[in-house]
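Mind having a look at this structure? Questions to follow.
The values are calculated or read from the model by the stated rules, or taken from the named source; none is laboratory data. Keep in mind that this is a model prediction, so the values were computed, not measured. No Cβ is skipped: glycine too gets one built from the backbone with ideal geometry, and neighbour counts run over all protein chains shown. Only protein heavy atoms, including side chains, enter the accessible area calculation; ligands, DNA and RNA are left aside. Shrake-Rupley method; radii C 1.70, N 1.55, O 1.52, S 1.80 Å.
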Amino acid sequence: MSDDLLLERSGAVATLVLNRPGSHNAIRLGMYEELPRVLDGVAADPDVKVLVVRGAGTRAFASGADISEFQEVRGDAKSARSYNERVAATERALAGLAKPTIAMVHGYCIGGGCGLALACDLRFADERARLAITPAKLGLVYSLESTKRLVDLVGPSRAKWMLMSGSQLDAALALRVGLVDEVIAPEELERHTYEFAELLTTRAQYSVRAAKEIIGRIVAGQAEDDEATTALRNSSFDTDDYAEGVRAFLAKRPPSFA
């Protein structure tokens, strides 16, 4: 793994760090190329139950794609298409990770940085956070897939406001429109995020991952159970998690899931 990305683990919680604090964690093409492989490793590690994504330092989650390399990596239509495919693959890999993901947003979360945060399941921000998606400032067009993630959270009207203007939302407005899930004092953000991540590790992992799968299907337009969702529900009764949950309830003690 390059120095621009760090993967750390504490117990069952892994942390993916965008590690370019000198450039407000601007995302290089090489990082987009590397991230899907890193996420494959997180998916394959049976000891990891939750992934936190953050930027190095406290000034920025990520200030966006590294525009200083655009002439080199997006200088013509062919290279731009290749670049866009790598960005889409990274966001798809993050959104598709079966394990829950939390974006911990310190400070600026702009453009491609906001795209990564939107691909996470939850977004916790500090009170100084500023979020924006800025294609209209660069003459770019975001993919339908990325735009849908924004629309799913904030609705079509607010998504138009964001994409057409490129304006930044402060943390309070981002919370009000649903772009972030919680806003916390800067000095408390890290503690709060990891306490919540640890809480998720104590829950029945079959239930956690099934909930993520089913909600994803609902967002994609599924309105009724099919064989896959019915199997998810029915199979839960055969899991060790279910057996432990029932035992704990009857014994009036907290469950201890594997």
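Take the residues of segment 243-252 that are part of a helix (DSSP H, G or I) and among the charged types (D, E, K, R): which is surrounded by the most Cβ atoms within 10 Å (Cβ to Cβ)? Talk me through it step by step, then tell me what you get.
Looking only at segment 243-252, we keep the residues that are part of a helix (DSSP H, G or I), and these are 243-251.
Next, only the ones that are among the charged types (D, E, K, R) stay: 244, 247.
Working: E244: 15, R247: 12.
Step by step, filter segment 243-252, then rank; the result is E244.
Next question, about the same structure. For segment 109-137, which residues satisfy the criterion of being closer than 17 Å to L29 by Cα and either open to solvent by 70 Å² or more (accessible area, probe 1.4 Å) or charged (D, E, K, R) (or both)?
Across segment 109-137, there are no qualifying residues.
Right, next: Given the options S143, S157, name the one that is among the polar types (S, T, N, Q) and in contact with a helix residue (DSSP H, G or I) (Cβ under 8 Å, 6 or more places away or on another chain). It would help to see each step written out before you state the result.
Working: S157 fails: in contact with a helix residue (DSSP H, G or I) (Cβ under 8 Å, 6 or more places away or on another chain).
Testing whether each residue is among the polar types (S, T, N, Q) and in contact with a helix residue (DSSP H, G or I) (Cβ under 8 Å, 6 or more places away or on another chain) leaves just S143.
Among the residues of segment 41-84, which ones are at pLDDT below 95 and closer than 15 Å to I102 by Cα?
Correct list: empty.
How many residues does segment 165-181 hold that are touching a Lys or Arg at 6+ places or on another chain (Cβ under 6 Å) and either among the aromatic types (F, W, Y) or over 10 Å from A129 (Cβ atoms) (or both)?
3
Can you say whether I27 is surrounded by 15 or more Cβ atoms within 10 Å (Cβ to Cβ) and either of a type in the set (V, I, T) or in contact with a Cys (Cβ under 7 Å, 6 or more places away or on another chain) (or both), as far as the supplied structure shows? I'd like the intermediate steps shown before the answer.
Numbers: surrounded by 15 or more Cβ atoms within 10 Å (Cβ to Cβ): yes; either of a type in the set (V, I, T) or in contact with a Cys (Cβ under 7 Å, 6 or more places away or on another chain) (or both): yes.
Against the criterion (surrounded by 15 or more Cβ atoms within 10 Å (Cβ to Cβ) and either of a type in the set (V, I, T) or in contact with a Cys (Cβ under 7 Å, 6 or more places away or on another chain) (or both)), I27 qualifies.
Step by step: first the residues of segment 41-68, then only those that are open to solvent by less than 30 Å² (accessible area, probe 1.4 Å) and more than 15 Å from the chain's Cα centre (by Cα), then the one that is nearest to A119 (Cα to Cα). Which residue is that?
A65
What number of residues within segment 170-205 are among the acidic types (D, E) and in a strand (DSSP E or B)?
Of the residues in segment 170-205, the ones among the acidic types (D, E) are 170, 181-182, 187-188, 190, 195, 198.
Of the ones still in play, those that are also in a strand (DSSP E or B) are 170, 182.
Residues meeting the conditions: 2.
Pairs only if they're at least six apart or on different chains, beta carbon under 8 angstrom, first in segment 227-250 and among the basic types (K, R), second at pLDDT 95 or above and not in a helix (DSSP H, G or I); list them, first residue then second.
As it stands, the answer is R233/D225; R247/P255, since those pairs meet every condition given.
Please determine, by comparing only the residues of segment 229-242 that are β-branched (V, I, T) and over 24 Å from R149 (Cα atoms), which one is least open to solvent (accessible area, probe 1.4 Å).
Looking only at segment 229-242, we keep the residues that are β-branched (V, I, T), and these are 229-230, 239.
Still in the list and also over 24 Å from R149 (Cα atoms): 230, 239.
Working: T230: 57, T239: 32 Å².
The residue in question is T239.
Of the residues in segment 214-228, how many are in a helix (DSSP H, G or I) and surrounded by 13 or more Cβ atoms within 10 Å (Cβ to Cβ)? Break it down stepwise before answering.
Filtering segment 214-228 for residues in a helix (DSSP H, G or I) gives 214-219, 227-228.
Filter once more, so that each one left must be surrounded by 13 or more Cβ atoms within 10 Å (Cβ to Cβ): 214, 216-217.
Here the count works out to 3.
Also: Mind listing whichever residues of segment 32-58 are assigned to a helix (DSSP H, G or I) and in contact (Cβ under 8 Å) with a residue 40 or more places away in the chain?
Listed by number, the residues that qualify are Y32, E33, L35, P36, L39, D40, V42, A43.
If we only count strands (runs of 3 or more DSSP E) wholly inside segment 59-127, which ones have 2 or more residues that are out of contact with any Asp or Glu (no Cβ under 9 Å at 6 or more places or on another chain) and within 20 Å of L173 (Cβ to Cβ)?
Values: elements: 60-62, 101-105, 108-110, 122-126.
Those strands (runs of 3 or more DSSP E) span 60-62, 108-110.
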